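The values are calculated or read from the model by the stated rules, or taken from the named source; none is laboratory data. As the structure is a computational prediction, the values presented were derived from the model and not from experiment. As a convention, Cβ positions derive from the backbone with ideal geometry for all residues, glycine included, and neighbour counts pool all protein chains shown. Please note that ligands, DNA and RNA were not included when accessible areas were found on the heavy atoms of the full protein model with its side chains. Shrake-Rupley method; radii C 1.70, N 1.55, O 1.52, S 1.80 Å.
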Amino acid sequence: MQKRTVAIALTLSVSAVLSAALPAQANSVGYYATKTPYAPQQDMRTYQKALKGFVPVFTENVSRHGSRAASDSEDGDLILALWEKARSEGQLTRTGEGFGSEAKSLLAAMDNIGYGQLSGRGEREIADTAARLEKRLPTLFKDIAANSEQINVVNSGKDRAVDSGNLFAAALADNDPALKPLITPARTDAALLYFHKSAGGEEYRDYVDNDKRLAATLDGITGRRATRTAARNVLRKIFKPAFAERIMAGDFSSIGTGTEAAQAVHTLYGIAPTMADEGSWTMGRYIAPRDARWFAYLSDAEDFYEKGPGFSDSDITYRMANVLLDDFFAKIDAKRAGTGNAGAELRFTHAEEIIPLAALMGLPGSTKPASPARPYTYADNPWRGASVAPMAANIQWDLYRKGNKYLVRMLYNEKQTAFKEGCKPVVKGSYFYDADELKRCFDRATS
């Protein structure tokens, strides 16, 4: 499959870049879970100002890749195989008659750009985030250019992360050509940015593949009556009742179960918004909000237990993210010590890294694990993939200096965010923290 050539078209007006924002939970309305397209979570004109005399001297981030096509065509192939069977038997509903052409069109669009590759929307998400970064820190990037400091780009090695890093860097240079020669060649570091599949993730992979409690918990969640009810509701939008019941009864198990078929519809429904630049689809016609919410919950439950806060008596899902948090502190230390020549460190990765890092750092929505005796639910836990790790999710630390004092500010999906409980800001209510206080708070040796 030929991959589309990535191109940038930066056409945002300054006012659009400045004001683009979305309330923190608005992305959850569509029930797309971690497939939710990205939107910045705060208007940059409302950020708290640094204490008098402190100026930005360094910025670093980690970002998930932008919106993309589905990883493969498996879900589309499954539901279309059932659709073709039903069509041949005259078992499609009036609504369902249109499903096949829409699903085929969406699959063709994804095949055209390459499964797993950035969509046009994903390219814009990344480029626009870069533009806002420069708008937030104009004096920093001016100083980077004046002092010929490096802008380092690091990726996981996977195409969509590589492309996201290249797009981000190109957008910085497009906005300020003086930065172009300072952007170092992109570097791949899988141990840092694909740690769940690297040597440091071996224990974690054994947990996902073999832990009996994990398997029993997820089976118990998926096996609830509500799953069959939601699956039946979805299937009856596309197939006539008798055919839907045959699917639910397992008559087509060689193709897929009723739950798998309904999840396939939810997958296409969820991926369609990420492909908005490639076409127009109305997948919402085939799944009611209450059923989309249930299947988003099933997706979130899997991510919660396999990547997020997980069980309250274990840190196996996020312990491995220490390698990435260590790197954040190491780059701050290098800047303070004058041993590095970087003005910016830009990292590009995946939800599998953002989710455990958020849990490790105690970011909003990722602070509450589940008791082994009481499974995760939407009713009693705030964790949502849509807000923890939407497409292009990002965590950014900005380092400010005044003399020999250094402060750090964090943005999470471009919203100023307090560090975890126990970390003390420079003054009550501030989003700025002494760099050594953060090292104390996260149990790192102070400088």
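Could you work out what % of the accessible surface of the chain is carbon and sulfur, using a 1.4 angstrom probe and leaving DNA, RNA and ligands out of the count?
Numbers: 9130 of 18720 Å².
In the chain, the share of accessible area belonging to carbon and sulfur is 49 percent.
Averaged across orientations, what area in nm² does the convex hull of the alpha carbons in segment 83-180 project? Working shown, then result.
Working: hull surface 35.8 nm².
Across all orientations, segment 83-180 yields a mean hull projection of 8.9 nm².
Would you list which aspartates and glutamates come within 20 Å of residue 142, measuring only between C-alpha atoms, while excluding same-chain residues fewer than 8 positions from it?
Leaving aside aspartates and glutamates fewer than 8 places away in the same chain, those within reach of residue 142 are 60, 128, 134, 174, 176, 345, 398.
Which residues' amide hydrogens lie under 5 Å from the amide hydrogen of residue 183, considering only partners 5 or more residues apart or on another chain, with H built in the peptide plane?
Excluding prolines and chain starts, which carry no amide H, the hits are 151.
Could you give the length gained on full extension between residue 229 and residue 368, defined as 0.36 nm per residue of separation minus the Cα-Cα distance, in nm? Display every interim value, and only then the final one.
On the way: separation 139, 0.36 × 139 = 50.04 nm, distance 2.86 nm.
Contour length minus the Cα-Cα distance gives 47.2 nm.
Taking a probe of 1.4 angstrom, what is the accessible area of residue 229 in Å², to the nearest 10?
Surface open to solvent at residue 229 totals about 70 Å².
At a Förster radius of 51 Å, what calculated FRET efficiency corresponds to the Cβ-Cβ distance of residue 84 and residue 211, to the nearest 0.05?
Given R0 = 51 Å and the Cβ-Cβ separation, E is 0.85.
Using a 1.4 Å probe and counting only protein heavy atoms, arrange 406, 286 so the residue with the most accessible area comes first.
Details: 406 20, 286 0 Å².
Greatest to least solvent exposure: 406, 286.
Using the Karplus curve 6.51 cos²θ - 1.76 cosθ + 1.60 with θ = phi - 60°, work out ³J(HN,Hα) for each residue of segment 429-438 in order, rounded to whole Hz, and write x for Gly and Pro.
Ordered by residue, 3J(HN,Hα) equals x, 7, 9, 10, 10, 4, 4, 6, 5, 5 Hz.
Students often get this wrong, so try it: which of (1) 77, 49, 38; (2) 61, 47, 39; (3) 64, 45, 43 is Cα extents along the principal axes in Å as calculated from the structure shown?
Read-out from the structure maps to (1).
Taking a probe of 1.4 Å, how large is the accessible area per residue of the chain, in Å²?
Working: 18720 Å² over 447 residues.
Per-residue accessible area for the chain comes out at 42 Å².
Enumerate the aspartates and glutamates that residue 424 could reach by cross-link, defined here as Cα to Cα under 14 Å, with residues fewer than 8 away along the same chain left out.
Cα-Cα hits under 14 Å: 434, 436, 437, 443.
Cα to Cα, under 18 Å, and not fewer than 8 places away if on the same chain: which lysines meet these conditions relative to residue 240?
85
Run through the DSSP bridge list for the chain and note the antiparallel percent, rounded to the nearest 5. Walk me through the intermediate numbers first.
On the way: 23 of 39 bridges.
Around 60 percent of the beta bridges assigned by DSSP in the chain are antiparallel ones.
At 222 nm, what value in deg cm²/dmol follows for the chain if DSSP H runs of at least 4 each add -39500 (n - 2.57) and the sum is divided by all its residues, to the nearest 500?
On the way: 17 runs with 195 residues, N = 447.
Calculated from helices alone, the mean residue ellipticity at 222 nm is -13500 deg cm²/dmol.
Could you sort 314-320, 154-160, 48-54, 265-271 so that the peptide with the highest average Cβ count within 10 Å comes first and the rest follow in order?
On the way: 314-320: 19.6, 154-160: 21.9, 48-54: 12.3, 265-271: 24.7.
Highest mean packing first, the order is 265-271, 154-160, 314-320, 48-54.
If you find the alpha carbon centre of segment 135-210 and of segment 365-405, how far apart are they in angstrom?
Rounded to whole Å, the Cα centres lie 21 Å apart.
Which FRET efficiency, nearest 0.05, do residue 143 and residue 404 yield, Cβ-Cβ r, R0 30 Å?
0.95
Once you order the gyration tensor axes a ≥ b ≥ c over the Cα atoms, which shape class does segment 269-317 get: rounded for a/c under 1.5, otherwise prolate or oblate by comparing a/b with b/c?
Values: a/c = 6.70, a/b = 2.19, b/c = 3.06.
Oblate, since a/c reaches 1.5 and b/c is not below a/b.
Take the alpha carbon gyration tensor of segment 173-247, find the square roots of its eigenvalues, order them as a ≥ b ≥ c, and report rounded if a/c is under 1.5; if not, report prolate when a/b exceeds b/c, else oblate.
On the way: a/c = 5.04, a/b = 1.76, b/c = 2.86.
The shape class here is oblate.
Give the distance, in whole Å, between the Cα centre of segment 266-307 and the Cα centre of segment 50-118.
9
State which entries of 35/415; 335/428; 52/415; 52/420; 135/197 exceed 31 angstrom in Cα-Cα distance in the structure shown. List each step's numbers first, then the result.
Values: 35/415 20 Å; 335/428 26 Å; 52/415 21 Å; 52/420 25 Å; 135/197 35 Å.
Those over the limit are 135/197.
Do the alpha carbons of any pairs in 212/439; 307/331; 237/307; 49/331; 49/307; 158/402 sit beyond 29 Å of each other, and which pairs?
On the way: 212/439 36 Å; 307/331 25 Å; 237/307 33 Å; 49/331 23 Å; 49/307 34 Å; 158/402 39 Å.
The pairs that break the limit, which is 29 Å between Cα atoms, are 212/439; 237/307; 49/307; 158/402.
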